[in-house]
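The values are calculated or read from the model by the stated rules, or taken from the named source; none is laboratory data. In this text the structure is predicted, and so the values were computed from the model without any measurement. Positions of Cβ are backbone-derived with ideal geometry, glycine not excepted, and every protein chain shown enters the neighbour counts.
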Amino acid sequence: MGGLDPSLTESLAHLAGQPTDRNIWRLLPYAYAASFASGDTWRSTKYLSASDVMSGGEHVLMDCVSALSGALLGFERAEEASKAFIKASCAVLFMMKAEEAGKYSSFPIRAQFSLMEKFVNCSPFVTRSTLEIYMPYTILHAAYVDMSLNKQRAGDVALQSEVAFKEGKSVAASVE
C-alpha cells in the first residue's frame, strides 16, 4: 500500500473534522487490538496457508486498520496509531497465549499472531522492525510452523513433521 487513499480520506473527512472527533478516532487501534480477544468469529476461523488468508476473511481487518487510521488521522498520527495498534495487539495476544489452555483454547492464536505480520506488510506507517520490538520473529516463525502442522488452537494435535512432509498433509492441503 503506497500511501493514503485520497477517495477514502475525502469520504471520511467529515468524521474526523473536529479535534474532539480526532481524539476519539485515536482510540481505534485499541478497539481493534481488543477485538482479538472477543467475539465468536475467532472461534470458527482457520488460517489457510495455501492462500495465506483466514477462512472468514479476518485477514482483511489489517488493511482496514491501516486505511482507516490513515484516512481519519493523517499520515503522522496514523504512524503513531499504527505503533499503538501493534503494541496493544501484541500485549493482548501474549495475554491470550498465556491463557491458551483455558479461556482462549478455542481461539486460533497462532493465526492471530500471523495477522500482525500482515499488518506491517500492508501498512505504509510502520515497518517490520516496529513489530520486532513487541513480537520477535522467532515467535511468528513458531506460529507458522505450528499452523503448517495443522495446530492452530491449544487442543489441536499437530501432525508429526515427517508424516506431514511425506504425505503432503498440512493446513494447505486440508482446506475445509
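Points to keep in mind about this one:
- Sole exception among (1) free of Cβ contacts under 8 Å to residues at least 24 places away in the same chain; (2) over 14 Å from the mean Cα position of the chain (by Cα); (3) under 27 Å from residue 155 (Cβ atoms) for residue 76, by number: (3)
- Reported count of residues in segment 136-176, each being of a type in the set (Val, Ile, Thr), part of a loop (DSSP other than H, G, I, E, B) and at pLDDT 60 or above, is 1.
- Subset of segment 93-120 that is part of a helix (DSSP H, G or I) and more than 11 Å from the chain's Cα centre (by Cα) - its residue that is nearest to residue 152 (Cα to Cα): 97
- Residue 38 fulfils the conditions (1) out of contact with any helix residue (DSSP H, G or I) (no Cβ under 9 Å at 6 or more places or on another chain); (2) of a type outside the set (Lys, Arg); (3) in a helix (DSSP H, G or I); (4) within 30 Å of residue 156 (Cβ to Cβ) except for a single criterion, (3).
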